[in-house]
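The structure appears right after this line, and notes come after that.
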Amino acid sequence: MMAFAPLRSPDRIRWIVVGLALVAPWFILAYMDRLLRRTR
Amino acid sequence: MYAGHASFALLAKSRRQRVSLALLVPVAFAPDWIEWVLAGRTTVVTTQDKFLSHALVFVIPCALVVGLVYWLLRRDRGINATDALTVSAVYLSHWAADFFTAIKPTWRGGPMVGLMLYRYVWPEALAECLLIVVCWLVYKRSLPAESRKREIAWVVPISLLVLELASAALHQPMS
């Protein structure tokens, strides 16, 4: 059975960065669309 | 392809305004999300992770299931079959877009296919930037008239362009 990668390994850091790169457009577009479709 | 995937979500939103962009964006990135989750334990993306997330033989049924589940859960709120098919199409757009930028699996024992434009880092990034701008212009037309004039609306394309160019600068293309 394969062990979990160490928390501070370069691979783990890269994996976290990729996760943030996936979250970023989601958060920005969902928030901005909600903001822009809310009429004042 | 990276930020370019989000442009397909913008395009779909401009055509089907009942469908939430908060759903369309993760659907557009769904194979990358699946790959990321599968790689979570060891953090190293294996050939098996790539196959299960990006192979055509998995992408097509997943796209249909996502559209069907969305329709089943939201039909009482006015979501129709065309809206659900749009969600499926956005899911499928991931594989189609990746075909141009990378090489993707098809089926077990099948060929790896794609044009692999990632070989040309900056031309590929510029092509994605152009795609983002075009889809943003289409999306912008779907906004209420007063929102189109708001300066803050530029956050959408600028943030996507920054993310894309940062990805290219780091030479860390997404799958």
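Readers should treat all values here as calculations from the given coordinates under stated rules, not as data from a laboratory. What you are looking at is a predicted structure, and each value in this text was computed from that prediction instead of being measured. Here the Cβ is made from the backbone with ideal geometry for all residues, glycine too, and neighbour counts use every protein chain on show.
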Find the helices (runs of 4 or more DSSP H) located wholly in the range B:118-175 whose residues include 1 or more that are in contact (Cβ under 8 Å) with a residue 12 or more places away in the chain and within 10 Å of chain A (Cβ to nearest Cβ), and list them. B:121-140, B:155-169
Taking the range A:18-40 and keeping only residues that are within 16 Å of B:L24 (Cβ to Cβ) and either touching a Phe, Trp or Tyr at 6+ places or on another chain (Cβ under 7 Å) or more than 7 Å from chain B (Cβ to nearest Cβ) (or both), one is left with A:L22, A:V23, A:F27, A:Y31, A:R34
Within 7 Å of chain A (Cβ to nearest Cβ) and among the β-branched types (V, I, T): which single residue out of B:V25, B:V19, B:V37 fits that description? B:V25
For the range B:152-167, does any single residue satisfy the condition of being within 20 Å of B:T101 (Cα to Cα) and either among the basic types (K, R) or in contact with an Asp or Glu (Cβ under 8 Å, 6 or more places away or on another chain) (or both)? yes
